[in-house]
Amino acid sequence: MRSEKMYIDGQWVDSENDETTTVYNPYNGEKIGTVPSATEADVKRAVQAAAESFESWAELPATERAGFLKKWSGLVLKHQEEIAETLTSEQGKPLAEAKGEVAGAAKSLEWNAEEAVRIYGEVIPASSKNKRIIVIKQPIGVVGAITPWNFPASMITRKIGPALAAGCTIILKPAGQTPMTAIKMVELAHEAGIPKGVINLVTGESKIISQVFMSDERIRKITFTGSTEIGKLLMEQAAETLKSISLELGGHAPLLVFEDADMGKVMAGVKSAKLRNAGQMCVAGNRFFVHKNRYEEFSEELKKLVKEEKMGNGMDPDVTIGPLIDKDAYEKVGEHVKDAVDKGAKAVMGGKGQHDGGDDAGYFYEPTILLDVTDDMIIMHEETFGPVLPVQPFTSDEEAVRKANESNYGLTAYLFTESLNRAIRVSEKLEYGVIGLNDGGPATSQAPFGGWKESGIGREGGHHGLDHFLEIKYISVGLD
Ligand code: NAP
């Protein structure tokens, strides 16, 4: 069993009171190791370190900051296998998916390194001979980052990458269930020579950590990925010191299959948009709307696709669906399916959980296809976070769009059509921040990712994401 430490001011440290939290493998309940339970004083030290190192990091030439990020990215790739094994052991996803995630995390660091040198300002024509208008972009300051368990590597680099590129320093609080991946990633940042205090990592009770984050006025930016419920809470708390806040929150993606869709593309899209990570994704399709003339065919193809899935230990190379993260997740998925079936849905495949790992682990849910779903079912409104596919027919484009937009969430929507006209018209009508058009995996480092409505505020990825770590300064120059 590993006994890990936090990373504060360039040092690996225990918590002030030596208390720890245990991390378990969600597949078999094995104790993976312990991490420190940070006290308020520990978190304050981390904020202090980030604040003290801010000026020197911000003043470093962008090319040098980029160099550190590139080196870190290279080390992450070099240790891809080892990080992926840690990720699978604490999170449960298949190892191949974990490796893909780690590669994506490295890519995000590399992309932000390349973008660090393109933080351009502007010179705006003035209306007087004796004036000049100069606009520059500067780092926003010390950042507090809070990340979820479902993508323990990539959620971190999508925050630290742009923060460091912009010239900010950061304190990271990873999810309680998956801190080991974060620790491995930060070990490599240390090895890359990133100066002390620039990245700090604290583990433990989220309320203790976030209370310091939210109340300390030196933290000028909060970047959070997680549930809409906690996102709203943090937004309220950010008001006190008027921090900038970026929120990547829950989703309830509709996936629309039009009459002219290419069914091969649809199934590839469904596999990526629903079956990865056992459906535990903010971008997961949660409602499948299929044109009535393709409904039968879609259901049959879906059964074939789902039949190929194999549940089990993510370390087994044949496994495509790992365990759900915990008992609460398992019960939620079960409740959604039960509610749907009680209200008349037909579970034509799956429909039940499998649990044989004691209280702390082994919570599997069979990939489940639900037909005849109706709008009054919970699953049509709440994020399921499991491998359940509720399917409903539609008759017109207008109906499909209306149903897709009937949600408080607005993160990702998918549509499958071979008609250019329909593709553009429908994409424009969907009230979502990210559209997968004949594409089940739209998230990538260089594109702006984020939600409308209650799915969030701000964007991650691309130069749009980097902008959230920058302040604009306008310098009005009076000349003789
Ligand atoms: P969560 O419960 O909101 O937790 C996310 C993070 O917030 C964790 O680090 C958690 O720490 C921390 N946290 C919990 N309570 C807190 C509090 N009162 N104050 C401050 N921080 C607190 O979400 P989750 O279950 O881990 O993640 C799943 C959710 O994330 C889903 O809704 C999913 O859609 C969303 N998500 C969104 C995106 C996106 O890009 N939009 C990406 C991935 C996931 P502890 O773990 O220590 O409790």
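Just a few scattered comments:
- Taken about its Cα centre, the chain carries a charge dipole of roughly 1320 debye when the Cβ of each Lys and Arg holds +1 and the Cβ of each Asp and Glu holds -1.
- D (Stokes-Einstein, µm²/s), Kirkwood Cα radius, the range 436-480, 1.306 mPa s at 10 °C: 121 µm²/s
- Per DSSP, loop chymotrypsin sites (Phe, Trp or Tyr not before Pro) in the range 58-129 with at most 13 further Cβ within 10 Å: TYR120
- Along its three principal directions, the equivalent ellipsoid of the range 159-310 from the Cα gyration tensor extends over semi-axes of 40, 19, 14 Å, largest first.
- Helix axis angle, 420-429 relative to the chain longest principal axis, alpha carbon, degrees: 60 degrees
- Prolate/oblate/rounded label for the range 357-476 (Cα gyration tensor, a/c 1.5): oblate
- Whole-angstrom gap from the range 360-427 to the range 265-297, using each part's C-alpha centre: 8 Å
- Mean residue ellipticity at 222 nm, helices only, the chain: -12000 deg cm²/dmol; runs of at least 4 DSSP H residues each add -39,500 (n - 2.57), and the sum is divided by the number of residues.
- Taking N as its residue count, the alpha carbon Rg of the range 305-410 over 2.2 N^0.38 Å: 1.17
- Rg followed by Dmax, in Å, when the chain is reduced to its Cα trace: 23.1, 80
- Rounded to the nearest 20 debye, dipole of the range 87-175 from Cβ charges on Lys, Arg, Asp, Glu: 480 debye
- By the count of neighbouring beta-carbon atoms within 10 Å, fewest first, THR63, THR223 end up ordered THR63, THR223.
- Each residue of the range 447-461 is assigned a 3J(HN,Hα), and the resulting list reads 10, x, 10, x, x, 9, 6, 8, 8, x, 9, x, 9, 10, x Hz, derived from the Karplus form 6.51 cos²θ - 1.76 cosθ + 1.60 (θ = phi - 60°), x at Gly and Pro.
- Taking amide H as placed 1.01 Å from N in the peptide plane, GLY285 has its amide H under 5 Å from the amide H of LYS274, each at least 5 places away in sequence or on another chain.
- Cleavage-rule hits (GluC sites (Glu not before Pro)) in the range 296-336: DSSP loop, at most 12 neighbouring Cβ within 10 angstrom: GLU308
- Lysines with Cα under 21 Å of LYS265, excluding same-chain neighbours fewer than 8 positions away: LYS274, LYS292, LYS303, LYS304, LYS307
- Modelled FRET efficiency - R0 60 Å, GLU300 with GLU59, Cβ distances, 0.05 increments: 0.45
- Its Cα centre serving as origin, the range 438-480 has a Cβ charge dipole (Lys and Arg +1, Asp and Glu -1) of approximately 80 debye.
- The range 15-135: C-alpha pair distances exceeding 18 Å, %: 72 percent
- Positive-end ranking of PRO148, LEU479, CYS282 along the dipole of the chain, with charges on Cβ about the Cα centre, is headed by LEU479.
- Formal net charge of residues neighbouring SER53 (Cβ-Cβ distance under 13 Å; K, R +1; D, E -1): 0
- The order of THR241, THR417, going from fewest to most other C-beta atoms within 10 Å of their C-beta, is THR241, THR417.
- Legend: residue pairs LYS184/LYS207; LYS243/LYS453; LYS271/LYS403; LYS44/LYS93, Cα-Cα distance threshold 30 Å; pairs beyond threshold, LYS44/LYS93.
- Multiplying the residue separation of VAL123 and ASN438 by 0.36 nm and subtracting their alpha-carbon distance yields 109.3 nm.
Here, each number is a calculation from the coordinates, and none is a lab measurement. Here the structure is a predicted model, which means the values were calculated and not measured. Backbone-built Cβ (ideal geometry, glycine too); neighbour counts: all protein chains shown.
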